[in-house]
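Only one structure is covered here, and it is reproduced in the block below.
Every read-out reported here was derived from the displayed coordinates using simple, explicitly stated rules and does not represent laboratory data. Computed from a prediction, not measured in an experiment: that's the story for all the values here. When we count neighbours, we look across all protein chains shown, and the Cβ atoms used for this are built from the backbone with ideal geometry, even at glycine.
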Amino acid sequence: MNPRLRRLAGHIPTVITFGLLAALAAWGHRTGWKLSPPTEVAEQREDWCEAHNVPQSRCLACNPSLAGGNANDWCKEHGVPESKCTVCHPEILTGAAAADWCREHGVPESQCTTCHPEVAVKGTAPPPEGREVTWKDDALRLTNARNCQIHLAYVQFASPAAFAKADVSLEQVQQRPMRATVE
């Protein structure tokens, strides 16, 4: 092969790379895309709520005004407006005084199996079927992980019409033994 041709062939990857970079630049210019300045990237690193493991600028627990409500009407423990927090104010659920409510466990007192174990429905677990599952050491821990946000996971519908449109079906909660197997 001609040495001149060989040298030209050696430049093909470079030409292709620059062509792709030019195409990316043209696309970025056309769509208004910009690289973030280094100072903005540094600010994003500083924008972190260590207590709730989310960006500080989006932390509802620290900035309840982000939810669109009154900052004074915010339950920091449960992540909802204080005036609508059914855990702190169970009378909201019943529409009357909460005489039958276990504040410690968040259930009606007459159904609290922790305070009144005699009301628990107990039975024997069904025989194991399928594969045996081994427990992780921390599977039965009493506290959630530090960055667990499950207490913020509420499903709220804007209106009864939205609830009907979502076609959600409600069932009675049942407590029963469960086997540790996967089918």
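Please list 3J(HN,Hα) in residue order for the stretch 14-25, calculated via the Karplus relation 6.51 cos²θ - 1.76 cosθ + 1.60 where θ = phi - 60°; whole Hz, with x for glycine and proline.
5, 5, 5, 4, 5, x, 5, 5, 5, 5, 5, 5
Can you tell me the FRET efficiency between Arg4 and Ser36 if r is taken as the Cβ-Cβ distance and R0 is 45 Å, rounded to the nearest 0.05? Don't skip to the answer; put the middle values down first.
Details: r = 44 Å, r/R0 = 0.99.
Taking R0 as 45 Å, the efficiency between Arg4 and Ser36 is 0.50.
For Val80, list long-range residues whose amide hydrogen, built 1.01 Å from N in the peptide plane, is under 5 Å from its own amide hydrogen.
Cys75
Give me the one-decimal nm value for the distance between modelled label points at Val15 and Val87, 7 Å along each residue's Cα-to-Cβ direction.
For the pair Val15/Val87, the computed spacing is 6.6 nm.
Provide Glu104, Glu46, Glu109 in ascending order of the number of other Cβ atoms located within 10 Å of each residue's Cβ, fewest first.
Glu46, Glu104, Glu109
5 Å is the cut-off here: which amide hydrogens, built 1.01 Å from N in the peptide plane, fall below it relative to Val54, excluding neighbours closer than 5 in sequence?
Residues meeting the amide H criterion: Cys49.
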